[in-house]
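Below is one structure, written out as structure tokens; comments come after it.
The values are calculated or read from the model by the stated rules, or taken from the named source; none is laboratory data. Bear in mind the structure is a predicted one, so any value in this text is a computation, not a measurement. Glycine gets a Cβ as well: all are built from the backbone with ideal geometry, and neighbour counts include every protein chain shown. With ligands, DNA and RNA removed, areas are computed over all heavy atoms of the protein, side chains included. Shrake-Rupley method; radii C 1.70, N 1.55, O 1.52, S 1.80 Å.
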Amino acid sequence: HQHAQANNDITPRKGLSVNFAQYVTLGNNATNNTSLSSKLYLPFFFRNSTTELNFNYQYNNRNVNGYEFANQIDFIKGIKNQFPTEYYGGGLTFNLPLFYPDWIIGPVFYVKRVSIKPFYEIASFDKQIHQSFGNDFSFNLCVFGIKLPIEIGLRCGYKSHSYFAYCF
């Protein structure tokens with residue numbers, strides 16, 4: 001369904017995406033990384049909008065002198081520089097286009113879509129629970145008449161005892 005979606009769709013209307021990875025080093029100090037991530041897309045009430053459920057798991061078996069694998073999955077929003085041995089996470093996101101304005105801003109920008117993506121995520125980092133919720137505001141626009149759109153936006157949210165906001 002991802003290849004058959006229309007230009008106005010933010011994500012597939014229905015679908016499932018699953019990714020499993022296993023990384024192992026050879027030698028006396030063997031290290032392994034196992035990760036599983038999945039996304040389930042379900043139709044939402046409005047046209048061109050979807051509900052996205054995601055589930056993630058990662059296990060890192062690190063040795064003191066062994067190779068350290070990078071994290072293979074995306075953590076919840078607002079979390080950076082964490083290297084847990086075991087991670088469980090999940091989230092709910094609503095992908096909602098607000099409108100398709102077709103705004104021409106001078107000879108430089110052409111705005112195709114304005115959308116919001118409210119989210120809630122919860123995760124366990126080595127049995128320590130973190131939560132985050134917030135909203136992504138995004139604009140799909142074309143620059144200098146190039147047909148390939150870029151997405152710019154602002155993320156505002158709250159994560160377990162701290163606020164975060166940044167552009168993506």
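Here the range 65-79 is the region considered, the condition is being within 17 Å of residue 122 (Cβ to Cβ) and of a type outside the set (Gly, Ala, Ser), and the residue that is surrounded by the most Cβ atoms within 10 Å (Cβ to Cβ) is 76. Scanning the range 99-115 for residues that are on the phi < 0 side of the Ramachandran plot and either surrounded by 12 or more Cβ atoms within 10 Å (Cβ to Cβ) or in a loop (DSSP other than H, G, I, E, B) (or both) returns 100, 101, 103, 107, 108, 109, 110, 111, 112, 113, 114, 115.
In the range 83-96, the residue that is most open to solvent (accessible area, probe 1.4 Å) out of those that are assigned to a loop (DSSP other than H, G, I, E, B) and in contact with a strand residue (DSSP E or B) (Cβ under 6 Å, 6 or more places away or on another chain) is 85.
For the range 9-50, a tally of residues being among the β-branched types (Val, Ile, Thr), open to solvent by less than 30 Å² (accessible area, probe 1.4 Å) and under 23 Å from residue 149 (Cα atoms) returns 2. Against the criterion of being among the polar types (S, T, N, Q) and surrounded by fewer than 18 Cβ atoms within 10 Å (Cβ to Cβ), residue 58 does not qualify.
Within the range 49-58, identify whether any single residue is of a type in the set (Phe, Trp, Tyr) and closer than 30 Å to residue 138 by Cβ, and answer yes or no.
yes
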